[in-house]
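Visitor: After the structure tokens below, expect a handful of questions from me.
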Amino acid sequence: MFDIRSEFSKYGEYHANKINIAIHMVFVPTILWTSMGLVTLAQPHALFEFPTPISALLSHIPGSPPVANTATLIITAFAAFYIVLDQIAGLLATPVLYGFLVSAQQYALSSPASLQYLLALFAIAWVAQFIGHGVFERRAPALLDNLMQALVMAPFFVFLEVLFALGYRPSLHRELRNEI
């Protein structure tokens, strides 16, 4: 569970087709972003207060301040898990995750029609994922075999694909590809 090699090889079994991978590159982040917005709408009030140093830092973000809600806890758990799997990639993913969180919260809480748009985007993204697997991959998505991998690992693997394309740890990339 905490081994990047075994997790990536499981992921790779379901993602060999380039078109399906491209679909994932667009729609996995869309699912993550819309999920954070929907969770924020379901629980818009803070569960806890940010510590003073973090609040001071967050006060510099344009727009309404982030809400310390369930979505914040989910993103924090994702970031921590990703850091355990690969320290550098996890640390690089963390500000991206929090950027998604803050923008999703701001959109959800400031747009009167956000629920309808978030639900529509969420549904479109999932349909695209199933098309990618059914039409291009010709294999059921990992969601049907491993819910955690589908929901928690997919954003990290999309992020790793971007990092690998930019030259991040080429020996690890080769090693992971060879295990698939």
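The values are calculated or read from the model by the stated rules, or taken from the named source; none is laboratory data. All figures in this text were calculated on a predicted structure; none of them were measured in a lab. No Cβ is skipped: glycine too gets one built from the backbone with ideal geometry, and neighbour counts run over all protein chains shown. Note: areas computed on protein heavy atoms with side chains; ligands, DNA, RNA excluded. Shrake-Rupley method; radii C 1.70, N 1.55, O 1.52, S 1.80 Å.
Visitor: Specify which residue in the list G167, F100, G37 is farthest towards the positive end of the charge dipole of the chain, using unit charges on the beta carbon of Lys, Arg (+1) and Asp, Glu (-1), about the Cα centre.
Guide: In the chain, that residue is G167.
Visitor: Still on this structure: Relative contact order for the chain: what is it in percent, counting Cα pairs under 8 Å that are at least 6 residues apart?
Guide: Computed value for the chain: 38 percent relative contact order.
Visitor: Using the heavy atoms of the protein chains and a 1.4 angstrom probe, tell me the accessible area per residue for the chain in square angstrom.
Guide: Each residue of the chain exposes 52 Å² on average to a 1.4 Å probe.
Visitor: Would you be so kind as to identify which of A16, A125, P62 lies farthest towards the positive end of the dipole of the chain, taking Lys and Arg as +1 and Asp and Glu as -1 on Cβ and the Cα centre as origin?
Guide: The one lying farthest along the dipole's positive direction is A16.
Visitor: Which percent of the accessible heavy-atom area of the range 41-140 goes to carbon and sulfur, probe 1.4 angstrom?
Guide: Whole-percent figure for carbon plus sulfur exposure: 74.
Visitor: Under 10 Å, Cα contacts only: if you run a Gaussian network model on the chain, which one of N69, N20, N146 comes out with the highest mean-square fluctuation?
Guide: N146
Visitor: If the viscosity is 0.890 mPa s and the temperature 25 °C, what Stokes-Einstein diffusion coefficient in µm²/s follows for the range 1-48 when Rh is the Kirkwood radius over Cα pairs?
Guide: Using the Kirkwood radius from Cα pairs, D works out to 186 µm²/s.
Visitor: Same structure, new question: Please state the equivalent ellipsoid semi-axes for the range 1-100: what are the square roots of 5 times the Cα gyration tensor eigenvalues, largest first, in whole Å?
Guide: Rounded to whole Å, the semi-axes are 29, 17, 12.
Visitor: One quarter of the convex hull surface, Cα atoms only: what value does that give for the range 73-137 in nm²?
Guide: Directional mean of the projected Cα hull area for the range 73-137 stands at 5.7 nm².
Visitor: So, one more: Between 0 and 90 degrees, rounded to the nearest ten: what's the tilt of helix 4-13 against the longest Cα principal axis of the chain?
Guide: 70 degrees
Visitor: Pairing the Cα long axis of helix 170-179 with the longest principal axis of the chain, what angle in degrees results, from 0 to 90 and rounded to the nearest 10?
Guide: Roughly 60 degrees, rounded to the nearest 10.
Visitor: Moving to a separate point now. Compute the helix-to-body angle for 87-110: its Cα long axis versus the longest principal axis of the chain, expressed 0 to 90° and rounded to tens.
Guide: Here the helix axis deviates by roughly 50 degrees.
Visitor: Using only Cα atoms, figure out Rg for the chain and give it as a multiple of 2.2 N^0.38 Å.
Guide: 1.07
Visitor: Can I ask one more? On a 1.4 Å probe surface of the protein chains, which of D3, D145, D86 comes out largest in accessible area, and what is the full order?
Guide: If we order D3, D145, D86 from most to least accessible, we get D145, D3, D86.
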